[in-house]
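Below: one structure, written as structure tokens.
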Amino acid sequence: LIEGSCSDGDFSSVSGLTIGETYYVQVYTYTDEGGQDTQFDVCIGTPGPPPLNDECAGAEALVPNTGSECVTTTQGTVLNATGSGLTSDCNGTPDDDVWYSFTATNTAHIFQILNVAGSNTDLYHALWSGDCNNLTLVPNSCNDGDASMFSGLTIGETYYVQVYTYTSEPGQNTTYDLCLTVPGPPPANDECTGAVGLTVNLDEQCGNVTPGTVENATGSGLPLNTDCYGTPDDDVWFSFTALATEHTISLLNVEGSTTDMYMALWTGDCNDLIFMDGSCSDPEEMTIDGLTVGTTYYLQVYTYTSTPLQTSTFDVCVGTDPTLFPPDCEGVPGGPAVPGTPCINEEFNVGGTWTQNCLCQPNVGIEEIAAERGIALSPNPASTELYLTVPDGRTVSVKIYDLLGHLVMEEAMAKHISIAHLAPGTYTLIALNNKAEQVGHARFVKR
């Protein structure tokens with residue numbers, strides 16, 4: 001039996017024959033029912049010459065376009081092509097494969113098959129590296145579609161593209177055009193290290209959302225968790241710091257080439273990411289618990305499809321069940337006045353720190369508090385304006401220092417100063433007379 005000659009169709013192509021040798025063709029009906037009276041004619045024909053790029057050694061060179069538009073294309077056909085005898089994990093039947101080559105001018109190229117016509121329009125392609133005598137299939141490059149994003153390429157290296165019809169039916173005459181372009185720049189959060197920070201909402205109303213897109217995104221190369229699905233070949237990254245042990249993550253306003261998005265949550269750091277169990281989500285919303293307050297988490301978002309060149313856009317929302325927030329030291333659910341944060345000791349009118357039992361412990365000793373009573377600051381805390389009164393009512397010059405002792409502001413001969421530009425925190429104010437002698441000091445809190 002000649003290998004590859006079994007055929008259930010009415011047409012077959014056999015290659016590798018020896019000229020001058022006699023061969024025998026066996027014909028029969030597929031059915032096992034007797035009494036068949038089928039009649040037919042047999043024709044033995046000779047195929048035309050195969051295309052010049054029938055084998056890898058004759059690969060036709062593709063010219064990469066310098067941009068993302070298909071200005072230059074290459075015509076091709078599988079008419080009279082034969083199989084190259086390569087084996088791989090790709091699907092389809094490469095019994096009519098033809099070959100193309102290109103030299104990478106970028107670390108990523110977009111490969112497109114255009115204007116497909118002829119006996120069969122279901123084409124398959126794959127990318128190979130090495131040389132024609134020792135080809136290596138580029139991982140994840142098998143593609144039944146008409147477009148691929150070839151990423152992770154080495155600039156200056158030659159690659160080979162194998163194109164064939166998916167069917168095993170011989171005698172195909174499919175024609176097409178090929179285009180090789182350079183993708184636009186990927187989004188800034190294409191990799192985990194560029195993750196865009198998300199604002200965590202203190203409720204579930206999604207008042208704060210962050211826009212995102214997968215356009216021109218590439219895969220991060222992370223192994224797909226066994227619990228997750230989809231193809232993360234266009235994943236983008238976001239990060240947030242957990243404010244509660246449970247958050248709800250939503251993808252809103254999804255538009256573009258596909259609306260079927262997928263997401264997963266990771267912890268650790270970008271050099272050593274750890275998958276969060278139970279965080280695979282094909283729906284555009286997931287509630288994840290078991291989080292550690294204060295820990296940074298990384299959200300991976302991608303389209304479910306393996307078809308490249310997606311342009312989907314979306315908004316990301318991180319919401320919180322407000323009942324998860326305990327009241328702070330001022331009774332505000334989830335408020336900022338929690339133990340370890342600044343407060344104002346009303347007894348001495350000085351800055352302090354909230355203790356675990358919600359007492360405002362002064363940040364200074366008794367002697368300093370007594371000295372501070374000689375200076376009146378109001379209001380304290382203050383947001384924009386701070387008024388300074390000394391016992392004799394005269395104007396003074398002031399110097400303001402932060403808690404690290406850095407001079408952050410000076411003002412000459414004033415009774416009030418603007419502090420709107422200062423960052424929130426606790427500051428020390430030094431008052432000086434017209435001889436540059438210190439006449440008092442006090443602490444205040446800028447809200």
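Read the figures in this text as sums done on the coordinates, not as results from a lab. Since the model is a prediction, treat every value here as computed from it, not as a measurement. Neighbour counts run over all protein chains shown; Cβ positions are idealised from the backbone, glycine included.
In terms of its C-alpha gyration tensor, region 398-447 has a prolate overall shape, because the principal axis ratio a/c (a ≥ b ≥ c, square roots of the eigenvalues) is not below 1.5 and a/b outweighs b/c. Ordering Ser250, Thr193, Leu265 by Cα displacement along the dipole of region 185-290 toward the positive end leaves Thr193 in first place; charges were set at the Cβ atoms of Lys, Arg (+1) and Asp, Glu (-1). The Cα-based radius of gyration of region 177-224, divided by its Kirkwood radius, gives an Rg/Rh of 1.14. Taking amide H as placed 1.01 Å from N in the peptide plane, Thr353 has its amide H under 5 Å from the amide H of Cys343, Gln361, Asn363, each at least 5 places away in sequence or on another chain. Residues whose amide H falls under 5 Å from that of Leu62, counting only those 5 or more places apart or on a different chain, are Ser101, Phe102, with hydrogens built in the peptide plane. For Val408, the amide hydrogen comes within under 5 Å of the amide hydrogens of Ile400, Tyr401, Asp402, counting only partners 5 or more places away or on other chains and with H modelled in the peptide plane.
Could you work out the local net charge near Ser397, counting Lys and Arg as +1, Asp and Glu as -1, over the other residues with Cβ closer than 13 Å to its Cβ?
+1
Name the lysines eligible as straight-distance cross-link partners of Lys435: C-alpha to C-alpha under 21 Å, and not fewer than 8 places from it in the same chain. Lys435 reaches Lys399, Lys415.
Expressed in Å, the radius of gyration and Dmax of the Cα atoms of region 296-351 are 21.3, 67. Each of Ser397 and Asp203 was given a label point 7 Å from its Cα along the Cα-to-Cβ line. The distance between the two points is 5.1 nm.
The phi-based Karplus calculation (6.51 cos²θ - 1.76 cosθ + 1.60; θ = phi - 60°) puts the 3J(HN,Hα) values of region 4-9 at x, 9, 5, 8, 8, x Hz, whole numbers, x for Gly and Pro. Work out the FRET efficiency for Phe325 and Arg447 from their Cβ-Cβ distance, taking R0 = 22 Å, and round it to the nearest 0.05. So the FRET efficiency works out to roughly 0.60. Taking the inverse of the mean reciprocal distance over all distinct Cα pairs, the Kirkwood hydrodynamic radius of region 28-131 comes to 17.2 Å. Is the shape of region 8-70 rounded, prolate or oblate, going by the alpha carbon gyration tensor and its root eigenvalues a ≥ b ≥ c, with a/c under 1.5 for rounded and a/b larger than b/c for prolate? Prolate, since a/c reaches 1.5 and a/b exceeds b/c. Residues of region 210-231 with backbone nitrogen within less than 19 Å of a virtual label 7 Å along the Cα-to-Cβ line of Cys70, please, listed as ranges. In region 210-231, the label zone of Cys70 (backbone N under 19 Å from the point 7 Å along Cα→Cβ) covers 216. In order along region 82-89, the phi-based Karplus estimate (6.51 cos²θ - 1.76 cosθ + 1.60, θ = phi - 60°) of 3J(HN,Hα) comes to 10, x, 8, x, 6, 10, 7, 8 Hz; Gly and Pro are listed as x. Is the C-alpha gyration tensor of region 184-302 telling us rounded, prolate or oblate? Criteria: a/c under 1.5 is rounded; beyond that, a/b larger than b/c is prolate, otherwise oblate. Because its axes are fairly even, with a/c under 1.5, region 184-302 counts as rounded.
Among the cysteines of the chain, those whose beta-carbon sits 4.7 Å or more from every other cysteine beta-carbon are Cys6, Cys43. Between the listed residues Ala117, Thr292, Tyr229, the Cα displaced farthest toward the positive end of the dipole of the chain, a dipole computed from Cβ unit charges relative to the Cα centre, is found at Thr292. Spacing of the modelled spin labels on Ala117 and Leu273, each 7 Å from Cα toward Cβ, amounts to 4.4 nm. Sorting the segments 274-285, 13-24, 237-248 by their mean number of nearby beta carbons within 10 angstrom, highest to lowest, gives 237-248, 274-285, 13-24.
Mind checking the log10 I(q)/I(0) for the chain at q = 0.10 Å⁻¹? Debye, one equal scatterer per Cα, no solvent, two decimals. The computed values of log10 I(q)/I(0) come out as -0.88.
Think of each Lys and Arg Cβ as +1 and each Asp and Glu Cβ as -1; about the Cα centre, that makes the dipole of region 196-268 roughly 180 debye. Put a plus charge on the Cβ of each Lys and Arg, a minus charge on the Cβ of each Asp and Glu, and nothing anywhere else: the dipole of region 144-250 about its Cα centre is then about 200 debye. Over the C-alpha atoms of region 250-368, the Rg to Rh ratio, Rh being the Kirkwood estimate, stands at 1.20.
Here the 3J(HN,Hα) profile of region 379-386, calculated from phi with Karplus coefficients 6.51, -1.76 and 1.60 at θ = phi - 60°, is x, 8, x, 10, 10, 10, 10, 10 Hz, Gly and Pro shown as x. Applying 1/(1 + (r/R0)^6) with R0 = 45 Å to the Cβ-Cβ distance of Asn133 and Cys43 gives a FRET efficiency near 0.75. Based on Cα contacts under 8 Å between residues 6+ apart, the chain shows a relative contact order of 11 percent.
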